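Working notes, beginning with the structure itself.
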Amino acid sequence: MKSIFKLMACGLAFGLTACNSNQNQSMEDKALSMADLDTTVSASADFYAYATGGWQKNNPLPNDKSRYGSFDILAEETDKKVKDLIQELANKKNEENSVEWKIATLYNLGMDEAKLNADGISPIKPMLDEIDAMTDKAQIVDMVAKMHHQGVSAFFGLFGTSDPANSDLNIPWYYQSGLGLANKEYYTDKGEREDLIRQQYVEHIGKMFALIGYSEEDAKAAAKNVFEIEDQLANVSMGSVEERDPFKTTNKMTVEEMSAKSPNFDIAKYLELQGITVKENINVCQPLFLAGVSDIIAKQSLDNLKQYLKWNVVNSSASYLNEDLNKQNFEFYGKTLSGVPVQQDRWKRVVRVVNGNLGECVGEIFVQKYFPPEAKERMVTLVENLRSAFGERIKNLDWMSEETKAKALEKLAAITVKIGYPDKWKDYSKLLLKEDSYYANVVRCNEFEFDDMVSKIGKPVDKTEWGMTPQTVNAYYNPSTNEICFPAGILQPPFFYMDADDAVNYGAIGVVIGHEMTHGFDDQGRNFDKDGNLACWWTEEDAAKFTERAKVLIDRYSAIVVLDTVHANGELSLGENIADYGGLKISFDAFKKASEGKKQPTINGFTPEQRFYLSYAKVWANNIRDEEIIRRTKEDVHSLGKWRVNGQLIGIDDFHKAFGIKEGDAMYIPESEWAKIW
Ligand SMILES: [Zn+2]
């Protein structure tokens, strides 16, 4: 330990190449810098602090961040690359409504603060006036249809995606929505902290009403009314944990059945206005909510409902309008909820909007410049090694019947893999932008997406489409297509190194690949078959054993205290925790297999096995604000970085072996508490 400590101190002060240790010739190691460690902490007491403590000291939280981790740094570096690309286009003379022109126009309007301030609320004025002019509750249907088409939330959401029972067909889905806070729990959870957030939220709504011209008194009254409606919506909403159950959110209805549940909101007319012609096989995710919205509309006055709709227009558009609205919007959603002192530079926000609205346009240019074809080849090999390691693990499971194993192996073999960027790019030619206002163009982008989505309802699912843009620093598993996807954005350090040792790549991107594959077999994903249909392919006994094993992770995570008296939510994060567990086990096996017969280097005193786990921890190195800890614990299905590391590794024997961790150490729990799922 001592020599490592010396190395670390050296690394901090002079850079690694300048120092030597007694035992190992120090070498340049960009992938795992000794400066990232804190060897004053023992690996067996708190591995996260040991592996990332130096990183945390050297990377303090910037003022405009709620969390700052190696993951976030990569995302920001990628945003910078995108910004450079966009600026290059913005400086050129582009043909009107060419892809380049669209990107440049949206970006330039977003950056033009003087124009945004001069325009004030005029971009949303017509819609606010239209709401004010309503004289009858029957008009709410038309208004909500128009708002949804423009990307403004209200009451519920409507979208088209694959039928849970027939993954080849796109059908309409009705989903609960319309809350200004992230989920039901913000409205229903008891406690001082919760009461305070609700009070601050009502104040925020009032301030926003004042900014669109309400008198102080009217603004306060309107805020109270809006909150009351949202509170009622929350009461008929499904809870976040329940929402994760695909059987609970699958409820097929005909338009007639929906109408019977919604006497005060003409849902048939709504669907017609949106151009949805199918009359049956609509998935109503929350039937109680459908009925609840209708009740609320009956009980609330037209004036209150108008205020609710206007609030949704203002809340959805604030970040595309003048500085006053923008700032107040940040005050609540940034400062109050996440604890961020200073709003991000405008360019960062605008790049995100361009990425969000013209994602594949930008992505096509991004990959030409930044994605080496060799990276794709390396990834294909890694993915196949992970797939075969997962297969071996399934075959060797001592708790699963041969019958279920055979189905699991079939599903594993059927997973399709998307790497880098799509083979076929989205066609944006029907999207026409104008040089009038930032917000008007965001609305045009939303309308384009909505129309595109509706046009696919009743048609076969196009499985070549991507659910993320290539420049996204993330990855996903989609249960209905049984596919895993790794955009170009994540195929960069600290996830993926073209020239690092295997240990580092398997500990980082390898675990990510294993994580996404395991999602196909977590508590949600296991309910979908190899073709992506919601179907029970497990024997009853195996399903019961799975649930019993998963419960170990629920209990373990629910016992974790994330801040003062606040506990992690082991039920909400179960799927992600199973995926992390699977990812760690599968990738370690794949790493050992890949290393057979190859001498893996010991670098800076660390064995390949140790480097695997250090690399995993580095991905999750971060600093985070207390408010953000609370917010993420309430909203995010992922565990916090620290617990993705310590919460998993305490129950992983290969990790214990690698670092000589023994019973009685803080990083060790008894074997009876290991998850042992996959
Ligand atoms: Zn995940």
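Worth a mention:
- None of Glu516, Glu465 is in contact with a strand residue (DSSP E or B) (Cβ under 9 Å, 6 or more places away or on another chain) and under 30 Å from Ala413 (Cβ atoms) except Glu516.
- Only listed residue being in a loop (DSSP other than H, G, I, E, B) and free of Cβ contacts under 8 Å to residues at least 12 places away in the same chain, chosen from Asp423, Asp398: Asp398
- Number of residues in region 617-632 that are farther than 25 Å from Asn183 by Cα and either within 16 Å of the ligand (Cβ to nearest atom) or hydrophobic (A, V, I, L, M, F, W, C) (or both) equals 4.
- Breaking point among (1) in contact (Cβ under 8 Å) with a residue 12 or more places away in the chain; (2) more than 17 Å from the chain's Cα centre (by Cα), for Asp462: (1)
- Test: Glu635 is away from the ligand (no atom under 16 Å from the Cβ), under 25 Å from the mean Cα position of the chain (by Cα) and not assigned by TED's automatic domain parsing to the domain that holds Ala45: no
- Any hit, region 651-658, residues being closer than 18 Å to Ala45 by Cβ, more than 17 Å from the chain's Cα centre (by Cα) and not in a helix (DSSP H, G or I): yes
- Failed criterion for Ile603 (all others in (1) crowded, with 20+ Cβ neighbours inside 10 Å; (2) among the aliphatic types (A, V, I, L, M); (3) in contact with a Gly (Cβ under 9 Å, 6 or more places away or on another chain) hold): (3)
- Residues of region 1-58 satisfying the condition of being basic (Lys, Arg) and at pLDDT 95 or above: Lys57
- Residue satisfying condition, being within 16 Å of the ligand (Cβ to nearest atom), outside any loop (DSSP other than H, G, I, E, B) and among the hydrophobic types (A, V, I, L, M, F, W, C), within set Leu614, Leu584, Leu572: Leu584
- Filtering region 452-505 to residues that are surrounded by fewer than 22 Cβ atoms within 10 Å (Cβ to Cβ), within 14 Å of the ligand (Cβ to nearest atom) and within 30 Å of Leu273 (Cβ to Cβ) leaves only Gly467.
- Checked against the criterion of being hydroxyl-bearing (Ser, Thr, Tyr), assigned to a helix (DSSP H, G or I) and buried (at least 16 other Cβ atoms within 10 Å of the Cβ), region 199-217 contains one or more residues that satisfy it.
- Positions within region 535-581 being aliphatic (A, V, I, L, M), surrounded by fewer than 18 Cβ atoms within 10 Å (Cβ to Cβ) and farther than 21 Å from Glu402 by Cβ, in sequence order: Ala559, Val561, Leu563, Val566
- Put simply, of Asn604, Asn646 the only residue that is within 30 Å of Asn183 (Cα to Cα) and more than 16 Å from the ligand (Cβ to nearest atom) is Asn646.
- Ile415 over 29 Å from Ile124 (Cα atoms), aliphatic (A, V, I, L, M) and within 16 Å of the ligand (Cβ to nearest atom): yes
- Figure legend. Inter-residue proximity from region 29-52: first residues more than 10 Å from Ala666 (Cβ to Cβ), second residues in a loop (DSSP other than H, G, I, E, B) and among the basic types (Lys, Arg), beta-carbon distance below 9 Å, spacing 6+ or different chains. No pairs are indicated.
Conditions (1) closer than 30 Å to Glu540 by Cβ; (2) in a loop (DSSP other than H, G, I, E, B); (3) outside the structural domain of Leu325 (by TED's automatic domain parsing), marked per residue:
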{"site": "Thr404", "(1), (2), (3)": "yes, no, yes"}
{"site": "Leu412", "(1), (2), (3)": "yes, no, yes"}
{"site": "Lys418", "(1), (2), (3)": "no, no, yes"}
{"site": "Asp427", "(1), (2), (3)": "no, yes, yes"}
{"site": "Arg444", "(1), (2), (3)": "no, no, yes"}
{"site": "Ser455", "(1), (2), (3)": "no, no, yes"}
{"site": "Lys463", "(1), (2), (3)": "no, yes, yes"}
{"site": "Trp466", "(1), (2), (3)": "no, yes, yes"}
{"site": "Thr469", "(1), (2), (3)": "no, yes, yes"}
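The values are calculated or read from the model by the stated rules, or taken from the named source; none is laboratory data. Not measured: the values here are computed from a predicted model. As a convention, Cβ positions derive from the backbone with ideal geometry for all residues, glycine included, and neighbour counts pool all protein chains shown.
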